[in-house]
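A.B. asks: I have a structure here, written as structure tokens, and I will follow up with some questions on it.
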Protein chains: 2
Amino acid sequence: MRTTTALLTDMYELTMIEASLRSGTAQRRSVFEVFGRRLPAGRRYGVVAGIARVIDAVERFRFGSDEIDYLSSAGVVGDETLDLLREYRFRGSISGYGEGECFFPGSPILTVEGTFADAVVLETVVLSILNHDCAVAAAASRMTTAAHGRPCLEMGARRTHEQAAVAAARAAVVGGFVGTSVLEAGRSYGIRAIGTAAHSFTLLHDDEESAFAAQVAALGPGTTLLVDTYDVTRGVERAVAAARAAGGELGAVRLDSGDLVAQAFTVREQLDALGATTTRITVTSDLDEYAIAALNAAPVDSYGVGTKLVTGSGHPTAELVYKLVSREGADGRMQEVAKASASKMSVGGLKVAGRVLDAGGRASEELVVACGTHDAGRAEVERQGARPLQLPLVRDGVPVEEHRGPDALTAAAERHLASRAELPYAAWRLSEGEPGIPTRHIDIEADDDFPRI
Amino acid sequence: MRTTTALLTDMYELTMIEASLRSGTAQRRSVFEVFGRRLPAGRRYGVVAGIARVIDAVERFRFGSDEIDYLSSAGVVGDETLDLLREYRFRGSISGYGEGECFFPGSPILTVEGTFADAVVLETVVLSILNHDCAVAAAASRMTTAAHGRPCLEMGARRTHEQAAVAAARAAVVGGFVGTSVLEAGRSYGIRAIGTAAHSFTLLHDDEESAFAAQVAALGPGTTLLVDTYDVTRGVERAVAAARAAGGELGAVRLDSGDLVAQAFTVREQLDALGATTTRITVTSDLDEYAIAALNAAPVDSYGVGTKLVTGSGHPTAELVYKLVSREGADGRMQEVAKASASKMSVGGLKVAGRVLDAGGRASEELVVACGTHDAGRAEVERQGARPLQLPLVRDGVPVEEHRGPDALTAAAERHLASRAELPYAAWRLSEGEPGIPTRHIDIEADDDFPRI
């Protein structure tokens, strides 16, 4: 593993710098924007996640001698470009949606401003982080909505790339999860680590009783015992007995197979009949937001979610793109730009966004203002009474510490709760549908000195 | 980024060690197996990828003082377990399918043998690597099958976690891809890096002519010009002219939007009419194996694939599990073990596998022999005339260098080509179907001194 992020980059970003040095355009002031043309099919909102990781990645985007040596020996770019990269650090500014904020088609999630050379090289690493983390956070948000306040725990590390797993645990917390199985996420992000035992632990022992006794001896009677290795009814009996033999009441039983709804009722009844009324039930088998919703009628106390969480519950990537929307022209003035293709329409220009709220404080519209300057856009958002959505994240190359510091993750989870609560009811539905609120684009500079080309 | 892999681990693996130290079972000899109960729905074969990364991850699985401090301060495990972890290095042995080999339901892809404590802690990191890499390699293999020999290039870094992107590029090569956009994969794995320019490069310039001239000046007339920023027909004209102005013939044009089949024919005709008969056409817009198959009738020279490749083309994880299949009993003898749950059936016992071939050398069956020892299983595989599938990867804690060295990736790609070519025709079909060959389990120890419990 390397500490630099500089080669987590598509080669064409460097060849573009090389070519722009030839045409004298490498230093043109440029505005790149991260947005989604659409939400993943059927989704009603997106969730911004990964902002703190983006800030870190931008800071660590430096070409050291190892990186320069590779680029040189592989013939990726020539000496003039290598000289530029050797000195590279991002000197521009980044603003974006607060982490945890909901977003919609066309929401300008991130705005990167700098010279073309400064900003173009961040495309891949910024998109990698946001496309992954937003996809997981969106799935997490749907699951925590479905769970109606019952705790959701992230257990998907084994189903995704080993480093993606750590980022996924973090994104899950943005979406409302409260624990993770994977220890590196505990260390890196201060997330509560959870877990007790797998089936292999029971099978290691000569019988279930000795396995349970060992676990209770090591972890205390408040532990969670996995009761479905052999027969669930016998497992529950033995689990309660093991805790009591150690002088306590069992913390929880875990069910990891079979018909979880039916089992939850049976096991709850059995636990209550045994007097183990405080013993909780956690379920962990192939859950997604729909299974969680179905289990809400059952006496389940918490949900452990793996595969479907870390793979975005059917949408493993957030479909965000990184596009040049404005750049300095030959005359030194900024010009809006956009690709002409009908199938991949973009809206040019620097944009400021606000969430329009109705009289009851409920979101009704995503307002996206194409504008010449942040101030002009902000004024228009305020004039329309919308809640501003963008925050400064990097100023002239300097990270805004608040958005990546130790409190950033908790703040993101709180921001998400508030942002989701503000959406109209229809946005919370799990079924496939339209975006929860429409996006309205306006261009307050369309008729003046910021021509589209 | 850390160099150790030790915290890419689910917490329960460490609490299981803690509890097994209590019951005196931590040092029981154990056999864990990685296998899939099924292939992802509709898939006809799986592709083993990530073996070299597993070997590296096992070697780097060490708890340093930072890791121990975290585990201690977070109260994950107690002092006795921390002492064990401080000294931990994997001392057991690992065997498995060669990287690139095709696999089927029940194939024992990886067998990890050691004490329970030694082997149980590798569960998460081993599964993370294999579930991710196998999923991408399987998608890649379907795409290269569909491409019928036309080169496929990996361009999906921006659609997946930034480190997953690097592993995905590697797995794509196992599945037959021949280049990658992401530079870190070029550096780490020696994969050819590819890429020239994005739409932003054209939009940066005052017009398309000056953008193309700059790119040709920097990268030579043999470069690939992206011709669909404005009007494709004008773009092709200008692209050919830009190369000729620099004294050469254009290398290729890239199409990244619209109806690619129709456009490929139109552009080919236009190029030929312009006399640019050597100029190639590459296409890159939202491709998957079905789009590639449809494009095979069109005059396209190479495919650049992004999202669908790195997300496993609908199956982002390979559904592999890591299960205890055998362990030492109280009497010191090895015993087969398996969970009893009907919905998650496992087959106990150490297993040796072979691919049964018919008289024409075509695969007809995956033979999986549950056996007491590797030698007994190997003898049975040979007796049945099957091709043995497992290789030693780690011997008594020492990596077998051949399977992770600089030639391992090329060897894996070659192994995959040979293994896929050996499958029956039906296995190559892109449509959903049954596994290409059936799996037959036999247990040559079932009636003797390896009782199932």
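A.B. asks: Please work out which one of (1) crowded, with 20+ Cβ neighbours inside 10 Å; (2) within 12 Å of another protein chain (Cβ to nearest Cβ); (3) under 26 Å from B:L127 (Cα atoms) is the condition B:G304 fails and give its number.
C.D. replies: (3)
A.B. asks: If we keep just the residues of the stretch A:19-32 that are buried (at least 24 other Cβ atoms within 10 Å of the Cβ) and not β-branched (V, I, T), which is nearest to the other protein chains (Cβ to nearest Cβ)?
C.D. replies: So, considering only residues that are buried (at least 24 other Cβ atoms within 10 Å of the Cβ) and not β-branched (V, I, T), the one nearest to the other protein chains (Cβ to nearest Cβ) is A:A19.
A.B. asks: Please indicate, with yes or no, whether at least one residue in the stretch A:35-45 is outside any helix (DSSP H, G or I), touching a His at 6+ places or on another chain (Cβ under 6 Å) and assigned by TED's automatic domain parsing to the domain that holds A:D83.
C.D. replies: So far as the stretch A:35-45 goes, yes, one or more of its residues are outside any helix (DSSP H, G or I), touching a His at 6+ places or on another chain (Cβ under 6 Å) and assigned by TED's automatic domain parsing to the domain that holds A:D83.
A.B. asks: Okay, next question. Which one is modelled with the highest pLDDT, of the residues in the stretch A:226-242 that are closer than 15 Å to B:A19 by Cβ and within 11 Å of chain B (Cβ to nearest Cβ)?
C.D. replies: So the residue we want is A:L226.
A.B. asks: Pick out, from the stretch B:259-335, the helices (runs of 4 or more DSSP H) lying fully within it that include 2 or more residues that are in contact with a Pro (Cβ under 7 Å, 6 or more places away or on another chain).
C.D. replies: In the stretch B:259-335, the matching helices (runs of 4 or more DSSP H) lie at B:260-273.
A.B. asks: Shifting gears a bit: Being within 14 Å of chain A (Cβ to nearest Cβ) and β-branched (V, I, T) narrows it down to one of B:T317, B:T373, so name that one.
C.D. replies: Within the list B:T317, B:T373, the selection yields B:T317.
Here is a yes/no grid of residues against (1) surrounded by fewer than 17 Cβ atoms within 10 Å (Cβ to Cβ); (2) without any contact (Cβ under 8 Å) to a residue 12 or more places away in the chain; (3) in a loop (DSSP other than H, G, I, E, B):
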| position | (1), (2), (3) |
| --- | --- |
| B:A379 | yes, yes, no |
| B:L391 | yes, no, no |
| B:V394 | no, no, no |
| B:P406 | yes, no, yes |
| B:L423 | no, no, yes |
| B:A427 | no, no, no |
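A.B. asks: Let me ask you something else. Considering only residues that are assigned to a strand (DSSP E or B) and under 22 Å from A:H205 (Cβ atoms), which ones fall in the stretch B:89-145?
C.D. replies: Passing the criteria: B:T111, B:V112, B:E113, B:G114, B:T115.
Yes/no per residue for (1) in contact (Cβ under 8 Å) with a residue 40 or more places away in the chain; (2) in contact with a Phe, Trp or Tyr (Cβ under 7 Å, 6 or more places away or on another chain):
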position: B:L71; (1), (2): yes, no
position: B:V76; (1), (2): yes, no
position: B:D83; (1), (2): no, no
position: B:I94; (1), (2): yes, no
position: B:C102; (1), (2): yes, yes
position: B:P105; (1), (2): yes, no
position: B:I109; (1), (2): yes, yes
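A.B. asks: Find the residue count for the stretch B:169-197, including only residues that are at the interface with another protein chain (Cβ under 8 Å from one of its Cβ atoms), of a type in the set (S, T, Y) and part of a helix (DSSP H, G or I).
C.D. replies: 0
A.B. asks: State whether one or more residues within the stretch B:264-280 are within 23 Å of A:K323 (Cβ to Cβ) and either under 34 Å from the mean Cα position of the chain (by Cα) or more than 14 Å from chain A (Cβ to nearest Cβ) (or both).
C.D. replies: No, the conditions are met nowhere in the stretch B:264-280.
A.B. asks: Right, here's the next one. Scan the stretch A:148-163 and give yes if some residue there is surrounded by fewer than 24 Cβ atoms within 10 Å (Cβ to Cβ), small (G, A, S), closer than 29 Å to A:P388 by Cα and not assigned by TED's automatic domain parsing to the domain that holds A:E366, otherwise no.
C.D. replies: Scanning the stretch A:148-163 turns up at least one residue that is surrounded by fewer than 24 Cβ atoms within 10 Å (Cβ to Cβ), small (G, A, S), closer than 29 Å to A:P388 by Cα and not assigned by TED's automatic domain parsing to the domain that holds A:E366.
A.B. asks: Can you name every residue in the stretch A:227-237 that is among the charged types (D, E, K, R) and either surrounded by fewer than 20 Cβ atoms within 10 Å (Cβ to Cβ) or free of Cβ contacts under 8 Å to residues at least 24 places away in the same chain (or both)?
C.D. replies: A:D231, A:R234, A:E237
A.B. asks: Restricting to the stretch B:198-226, what's the tally of residues that are without any contact (Cβ under 8 Å) to a residue 12 or more places away in the chain, surrounded by 21 or more Cβ atoms within 10 Å (Cβ to Cβ) and either basic (K, R) or in a loop (DSSP other than H, G, I, E, B) (or both)?
C.D. replies: 1
A.B. asks: Could you run through the stretch B:1-18 and say how many residues are touching a Ser or Thr at 6+ places or on another chain (Cβ under 8 Å) and either within 7 Å of another protein chain (Cβ to nearest Cβ) or among the basic types (K, R) (or both)?
C.D. replies: Matching residues across the stretch B:1-18 total 9.
A.B. asks: Would you mind stating whether A:R38 is surrounded by fewer than 23 Cβ atoms within 10 Å (Cβ to Cβ), touching a residue at least 40 places away in the same chain (Cβ under 8 Å) and within 14 Å of chain B (Cβ to nearest Cβ)?
C.D. replies: Yes, satisfied.
The values are calculated or read from the model by the stated rules, or taken from the named source; none is laboratory data. Quantities reported herein were computed from a predicted structural model and do not represent experimental measurements. Neighbour counts run over all protein chains shown; Cβ positions are idealised from the backbone, glycine included.
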